[in-house]
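Novice: Just dropping this structure here.
The values are calculated or read from the model by the stated rules, or taken from the named source; none is laboratory data. What you are looking at is a predicted structure, and each value in this text was computed from that prediction instead of being measured. Here Cβ is always computed from backbone atoms with ideal geometry, including for glycine, and neighbour counts include all displayed protein chains. Remember, those area values only see protein heavy atoms, side chains included, never the ligands or the DNA or RNA. Shrake-Rupley method; radii C 1.70, N 1.55, O 1.52, S 1.80 Å.
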Amino acid sequence: FLIPPKPYLGDELRNPELGILFLAAVALIEGYSVRITDLRCKKENEFEGLIGKADVYAITATTPDYFMAKRIAELAKAKNPNAWVAIGGIHATSVPNQIDSVFDKVGIGEGEISIIQILHDYQNGSNKRRFYQNELIKDLDTLPLPARDMLPFENVFSPNGLFVGAGPTATVMLSRGCPWNCSFCSSATIWERRLRLRSPDNVIAEI
């Protein structure tokens, strides 16, 4: 899994990449060998030395991240021309048909089921489809806890999470979706305006 840098943010590490951490946890449970490479706060001339060789690369990207994600995908392909490179996140969900051909696979919407389908297809030599989209997970308690231990402490617990200088702060996802449709928010695009809640016991277990 590859996390692009976000130089447009004042503090790139303020918000942990929980989406990738959930996907990594799911892939680990399915028995796959997983590595997360966090390129936040890194310069482009450092990328090549940080991206390892893999069979499948998965990149998350918002729209501001997309062109950097494309560059990262090109570098990944140079490491292993036979690898599959997948992209997911809000940009791929919003404009899947505009995604560059350097990306072999495109995840649309919620990614936990799709990433396993992509890995299974690679493992079985099945390359029949490019787009992966599934129904939203009904019971969020069935998800494993995000694999925070796969990243350095400072990449997951921000000292500025609540306010600047607050001290190490964790982010916990209590729900997915929102019934509203605010013009400034992408929630409706990726979650379909459906609100799903984790149980209190499940949240407490994560804390």
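Novice: Out of all the residues in the stretch 35-65, which are surrounded by fewer than 21 Cβ atoms within 10 Å (Cβ to Cβ) and under 15 Å from G88 (Cβ atoms)?
Specialist: Answer for the stretch 35-65, where residues must be surrounded by fewer than 21 Cβ atoms within 10 Å (Cβ to Cβ) and under 15 Å from G88 (Cβ atoms): I36, T62, T63.
Novice: Let me ask something additional. Tell me, please, whether a residue that is without any contact (Cβ under 8 Å) to a residue 60 or more places away in the chain, within 17 Å of L21 (Cβ to Cβ), within 16 Å of the chain's Cα centre (by Cα) and not in a helix (DSSP H, G or I) can be found in the stretch 108-127.
Specialist: no
Novice: So, of the residues in the stretch 90-107 that are open to solvent by 20 Å² or more (accessible area, probe 1.4 Å) and not polar (S, T, N, Q), which turns out to be nearest to S126 (Cα to Cα)?
Specialist: Checked the stretch 90-107; the qualifying residue nearest to S126 (Cα to Cα) is D104.
Novice: Given the criteria in contact with a Leu (Cβ under 8 Å, 6 or more places away or on another chain) and without any contact (Cβ under 8 Å) to a residue 40 or more places away in the chain, does L174 qualify?
Specialist: So L174 fits the description; yes.
Novice: If you don't mind, another one. Restricting to the stretch 1-31, and then to whatever is open to solvent by 40 Å² or more (accessible area, probe 1.4 Å) and in contact (Cβ under 8 Å) with a residue 24 or more places away in the chain, can you tell me which residue is nearest to G88 (Cα to Cα)?
Specialist: Only one residue tops the list, namely G19.
Novice: Still on this structure: What helices (runs of 4 or more DSSP H) completely inside the stretch 1-88 contain at least 3 residues that are in contact with a strand residue (DSSP E or B) (Cβ under 8 Å, 6 or more places away or on another chain)?
Specialist: Filter on the stretch 1-88 gives 18-29, 66-79.
For (1) open to solvent by 100 Å² or more (accessible area, probe 1.4 Å); (2) small (G, A, S), each residue gets a yes or a no:
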{"site": "F163", "(1), (2)": "yes, no"}
{"site": "G167", "(1), (2)": "no, yes"}
{"site": "T171", "(1), (2)": "no, no"}
{"site": "R176", "(1), (2)": "no, no"}
{"site": "P179", "(1), (2)": "no, no"}
{"site": "S183", "(1), (2)": "yes, yes"}
{"site": "S187", "(1), (2)": "no, yes"}
{"site": "S199", "(1), (2)": "no, yes"}
{"site": "V203", "(1), (2)": "no, no"}
